[in-house]
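This report concerns only the one structure given below.
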Amino acid sequence: MSKKNFALVIGGTGMLEGVCHWLTGEGYEVCVIHRNHKKFELMQEKSNYPHQLHSITVDYHDNEKLQLAIQEAKRKHGCYPDLIISWIHNSAPNALPTVLREVQYRNEPWKLIHVQGSSSFFVKENTTVPKMCEYRRVYLGFVLDDQHSRWLTHDEIAGGIIKVIKRDYKETVIGTLRPWSKRPS
Ligand SMILES: NC(=O)c1ccc[n+]([C@@H]2O[C@H](COP(=O)([O-])OP(=O)(O)OC[C@H]3O[C@@H](n4cnc5c(N)ncnc54)[C@H](OP(=O)(O)O)[C@@H]3O)[C@@H](O)[C@H]2O)c1
C-alpha cells in the first residue's frame, strides 16, 4: 500500500477550510488545528472524505500542549507532515516556532505555506525554518473595485492558497495591498 501524504493545517476550520477539503480530494490525510470541536465536526459533515480529516483541538497559545499535540499526530501518522499550512494570529508568536521544532528532524524536503495578514507585508519578518523546509509565504490582501475596497472572502483565500500549492509560488499576495490607503476599514 502506498503511503498517503500528510498535511497539517493550523487554523483549518476557518478561512482555510476549503484548502483542507481540496487536500483530502488530492489524497492527503489532513490534521486540523483548532479549538472549537463543533466547528470541526461541521467541516467533517461537509467533507467527501471525512476519514481523512483529523482533529487537533488545542489552543496554540499553549506551547506545551501544542508540542504534545504535534508529537501525537506524528505518532499516529507514523511520519512528519509533508506540508504545513499555517494561519496563526499575531497574539501567538511562539506557536509556529514550536511546531517547526517538532518537525526539524524530517530528513526529506517538505513545504511550509506561511499565511500572514496584510499588515505583515510591511514588516517583512524573517522566519527561521528547518533545513529541509521549502518556505512559501502568502499575504492576505484586499479587493479593490473602482473606488470600493473589501476584504477577501474565504473562497478567494482558499482558492489563492490552492493556486500557491499547485504552482509552487514562493511569495504571493492574494488580492492586492496597494494602495494601502485604500484598504477597507
Ligand atoms: N486581509 C487580511 O489581512 C486578513 C487578515 C486576517 C483575517 N482576514 C479575514 O478576517 C476573517 C477572520 O479571520 P480569523 O482568523 O478570525 O478567521 P478564520 O480563519 O475564519 O478562523 C481562525 C482559524 O484559526 C483557529 N484558531 C483561532 N485561534 C486559535 C487558537 N488560539 N488556537 C488554535 N486555533 C485557533 C480557528 O479555530 P477555532 O475557532 O476552533 O479556534 C479557525 O480554524 C478571515 O476569514 C479573513 O477573511 C483578512
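Assorted remarks:
- Among the residues listed as ILE56, ILE84, the single one being out of contact with any Phe, Trp or Tyr (no Cβ under 6 Å at 6 or more places or on another chain), crowded, with 18+ Cβ neighbours inside 10 Å, among the β-branched types (Val, Ile, Thr) and more than 20 Å from LYS3 (Cβ to Cβ): ILE56
- In region 23-38, of all residues being within 18 Å of SER86 (Cβ to Cβ) and among the charged types (D, E, K, R), the one that is nearest to the ligand (Cβ to nearest atom) corresponds to ARG35.
- Some residue of region 139-152 being in a strand (DSSP E or B) and hydroxyl-bearing (Ser, Thr, Tyr): yes
- Every residue from region 50-109 that is in a loop (DSSP other than H, G, I, E, B) and within 11 Å of the ligand (Cβ to nearest atom): VAL58, ASP59, TYR60, HIS61, ASP62, ILE88, HIS89, ASN90, SER91, ALA92
- Looking across region 91-146, just one residue is over 18 Å from the mean Cα position of the chain (by Cα), closer than 22 Å to ASN5 by Cα and crowded, with 16+ Cβ neighbours inside 10 Å, and that is ARG106.
- Test: GLN44 is within 15 Å of the ligand (Cβ to nearest atom) and more than 29 Å from SER120 (Cβ to Cβ): yes
Bear in mind that the values in this text are calculations on the coordinates, not laboratory data. Only a predicted model underlies this, so the values are computations on that prediction, with no experimental measurement involved. Every residue, glycine as well, gets a Cβ built from its backbone with ideal geometry; the counts of neighbours run over all protein chains shown.
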